[in-house]
Amino acid sequence: MKKIFNSRAFNRKYNYSGRDLGVTYSAQVSFFKVWSPGADGVMLVLYSGGNGDNKIEEIPMKHQEKGIWRAKVERDLEGIYYTYKVKRGNKEEEVMDPYAKACGVNGKRGMVIDLSKTNPKGWEKHSRPTISNPTEAIIYELHVRDMSIDDNSHIKNKGKFLAFTETGTKSNEGETTGIDHIKELGVTHIQLMPCYDYLTVDEAKKDSAEYNWGYDPLNYNIPEGSYSTDPYHGEVRIKEYKEAIMSLHENGLGVIMDVVYNHTGISEGSSLNKLMPCYYHRTNAVGRFYNGSACGNEIASERFMVRKMIVESLCYWAREYKIDGFRFDLMGVLDIDTMNCIYEELSKINPNIILYGEGWAGGPCGLEDKKRALKANAPKLRNVGVFNDDLRDAVRGDVFISEKKGFISGGDDMEESIKFGIVASTKHPQINYSKVNYSDAPYALEPRYTVNYVSAHDNLTLWDKIEASCDEEVTLEEKIKMQKLANAIVLTSQGVPFIHAGAEFARTKYGDENSYKSSDKINQLDWKRKSEFKEVFTYYKGLIELRKAHPVFRMTTTSEIAKNLKFLEMPTTHMVGYTLQNHAVDDEWKEIVVIFNGNQVVQTISLAHDKWHVVVNGDQAGIKVIETLTSGEIKVPGKTAMVLVKA
């Protein structure tokens, strides 16, 4: 089948370039179009509801060229639900429209909708935060349900999109929660974990405690119903998601959507496979699904109609929902040409669109490595960043070996990987790339292509990793120092910083390293910890303030970094230090020194000048002077970051 689908003859006959698949609605007439080459017949099935025995009628669809089936209904179908009944040989199956924009409960039927009626008041002209380069972004990864589900959040719309519209909420301890907390922290963008309609949570159980991360796509163009107050009426989830996005925008926060185009939640039984067997997924010579996603299948993004579906879906989210960026799950399963096409089309909608993803796969793929959007192929990608796992594992220790130590916990030989992250994986003359964790060469052409992080929804939280990798005698105070040091490295490094929600108050999942379907108790943001670990929160807030205030921490070109960032010779191992100067960078601070001490004990650094203002130490961080040192001999406490400004 692979040879057939990739052949010129197939592409000439069946590649459809029109942008009208799905439903084109007006009050007078609705057009339905679906791509299903080789089908013996397709029926449009209309229902009065999104579930239940309420069929209205079946309408034969007309076969057209390019494998298109079309139906025209001359009456107002707003609010009517529909499916397609596809016949191949003796087999007839009812499927969901992969281009549907609305659906009923659990996404089994599409819905005809007037999208203009789902716009909140002021939607068209509401203000959106903008940035000129992704290095200005500070990304905060968050699951919709996690933010509000804890009773101590005092958010009314628990686990719902509407939680992002609530302000003024505080914990029992008097600390801000929800959107006010995020604003207080100072990040610029929220990366929402999958918000499209996914498979595993039963939307009919509205008030149940069912949980999932959402990496099992069902309908790519429809918001998840369990995050709405009413999953039965398709317009509700759309309007409430827009309300959430609008609220985040008006509170100065960009919205990045986590998307999963590398596989579908169902393999053989998916609507895509029923519409065109084996086309949308990569299969081997005997029709078995390749499994580069480690979730049962992988999308054949390199094929024309698959690429078309992905690109049009992303453009829809960017236009209709005003999404500011996209994070691609297992981007290494997708092909390079598709990713470049994505940027080309999205940049027409938003020239400042933020795009990045995981530069790896979940297992062996059915597409050769040189064609895939892997980290090693990052130079072939256009304005698409990749996560820096070299820095992640250098700072905290290997994510797959719980007890493995990193720089913050005493791990050996991590210095070059730390330096690699500091320069955002770009080319720098002072780095020995042979000693970097996983990359033997710089892969980022510019700093915007690297997303630096130490924790995310996957694997142990940063706090849990510290707990797992530390010896029993390590004190709580020392662990807090490590929690501070880890993201001090991230937030002062070049590139795009990324923070896992709750890391700012030492989030724990009680050692659960794969909590994708665990309980709310495991996954929720425990707002009590904000007061318990207030010093970590205040420290992270200060680091963010520092980064936002001084452009030299977020340079935009590799040449600027090479010119302005110079690594210092350290007196011992387990240390990294460097200077930042403002040559060709508009920063009022003329010279800055940043030092990370991963040792247990104080180390002394000799600097060229005698007078330095300290703005970051082990206790405080920010832009205000903590103390002024009148000697070039700088004592750096163990497990501590220091930032000094030439006086």
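Spin-label pair Ile59-Asp151: with each label point 7 Å from Cα along the Cα-Cβ axis, the two points sit 5.1 nm from one another.
When a/c is below 1.5 the answer is rounded, else prolate if a/b is larger than b/c, else oblate, so apply that to segment 266-326 with a ≥ b ≥ c taken from the square roots of the Cα gyration tensor eigenvalues. Because a/c hits 1.5 or more and a/b exceeds b/c, segment 266-326 counts as prolate. The dipole here belongs to the chain: it is taken about the Cα centre, uses +1 on the Cβ of Lys and Arg and -1 on the Cβ of Asp and Glu, and is about 2180 debye. Please state, as a whole number in µm²/s, the translational diffusion coefficient that the Stokes-Einstein equation yields for segment 23-73 at 37 °C and 0.692 mPa s, with Rh defined as the Kirkwood radius across alpha carbon pairs. Calculated translational D: 275 µm²/s.
In the chain, a dipole from Cβ-located charges (positive for Lys and Arg, negative for Asp and Glu) runs towards its positive end, and of Gln430, Met331, Val593 it is Met331 whose Cα lies farthest in that direction. Computed over the alpha-carbon pairs of segment 124-253, the distance histogram in 10 Å steps reads 12, 42, 34, 11, 0 percent, short to long.
Of the GluC sites (Glu not before Pro) found in segment 103-164, the ones in coil according to DSSP and having at most 10 other Cβ atoms within 10 Å of their Cβ are Glu124. Kirkwood Rh, segment 546-642, all Cα pairs: how many Å? The answer is 14.0 Å.
At 10 °C and 1.306 mPa s, grab the translational diffusion coefficient of segment 375-505 from Stokes-Einstein with a Kirkwood Rh over Cα pairs, rounded to a whole number in µm² per second. Rounded to a whole number, D works out at 108 µm²/s.
Using only the alpha-carbon atoms, how far is helix 234-250 inclined from the longest principal axis of the chain? Give it as 0 to 90 degrees, nearest 10. Orientation of helix 234-250: about 30 degrees from the principal axis. Computed over the chain, the range of Cα coordinates on each principal axis works out to 85, 54, 46 Å, biggest value leading. The GluC sites (Glu not before Pro) of segment 506-582 that meet both conditions, a loop assignment by DSSP and at most 13 other Cβ atoms within 10 Å of the site Cβ, are Glu569. Taking a point 7 angstrom from the Cα of Ala209 along the C-beta vector, which residues in segment 220-247 have backbone N less than 19 Å away? Residues passing the 19 Å test: 226-227. Where the convex hull is taken over the Cα atoms of segment 222-344, what is its projected area averaged over directions, in nm²? That works out to 8.7 nm². Pair-distance distribution of segment 339-400: all C-alpha pairs, bin width 10 Å, starting at 0; shares per bin in whole percent are 20, 42, 30, 9, 0. For the pair Lys13 and Lys611, the difference between a 0.36 nm per residue extended length and the Cα-Cα distance amounts to 207.9 nm. Applying the Kirkwood pairwise sum to the alpha-carbon positions of segment 1-108 produces a hydrodynamic radius of 14.8 angstrom.
Overall shape of segment 293-410 was characterised from the C-alpha gyration tensor. The equivalent ellipsoid obtained from it has semi-axes of 28, 18, 12 Å, in decreasing order.
For segment 435-501, the Cβ-based charge dipole about the Cα centre amounts to some 380 debye (Lys, Arg positive; Asp, Glu negative; other atoms uncharged).
Each of Thr538, Thr461 has some number of other Cβ atoms within 10 Å of its Cβ, and from fewest to most they run Thr538, Thr461. Counting neighbouring beta carbons within 10 Å and listing from fewest to most, the residues Ser469, Ser132, Ser226 come out as Ser132, Ser469, Ser226. Shown here for segment 354-429: chymotrypsin sites (Phe, Trp or Tyr not before Pro) in loop regions (DSSP other than H, G, I, E, B) with at most 12 other Cβ atoms within 10 Å, namely Phe400. Modelled spin labels at Ser116 and Tyr438, positioned 7 Å past Cα toward Cβ, are 4.8 nm from each other.
With the cut-off at 1.5 for a/c, could you classify segment 436-542 from its C-alpha gyration tensor as rounded, prolate or oblate? It is prolate, given that a/c is not under 1.5 and a/b is the larger ratio.
Across segment 588-647, how large is the tail of the calculated P(r) beyond 16 Å, expressed as a percent of all Cα pairs? Of the Cα pairs, 37 percent sit more than 16 Å apart. Sorting Lys322, Lys101 from the fewest to the most surrounding beta carbons within 10 angstrom yields Lys322, Lys101. Placing a label point 7 Å from the Cα of Glu477 along the Cα-to-Cβ direction, the residues of segment 496-539 with a backbone N closer than 20 Å are 506, 532-539.
Binning the C-alpha pair distances of segment 389-454 at 10 Å intervals from 0 yields a P(r) profile of 25, 54, 20, 1 %, listed from the shortest bin outward.
Quick check on segment 494-564: take the gyration tensor over C-alpha atoms, sort the square-rooted eigenvalues as a ≥ b ≥ c, and tell me if it's rounded (a/c under 1.5), prolate or oblate. Because a/c hits 1.5 or more and a/b fails to exceed b/c, segment 494-564 counts as oblate.
In segment 230-301, the convex hull through the Cα atoms has an average projected area of 6.9 nm², a quarter of its surface area.
Using the Stokes-Einstein relation with a Kirkwood hydrodynamic radius computed over Cα pairs, the translational diffusion coefficient of segment 47-120 at 37 °C and a viscosity of 0.692 mPa s comes to 240 µm²/s.
Rule-based calculations on the coordinates, nothing more; no lab input. Note that the structure is a prediction, hence the values are computed from the model and not measured. With ideal geometry, Cβ positions are generated from the backbone for all residues, glycine too; neighbour counts draw on all protein chains shown.
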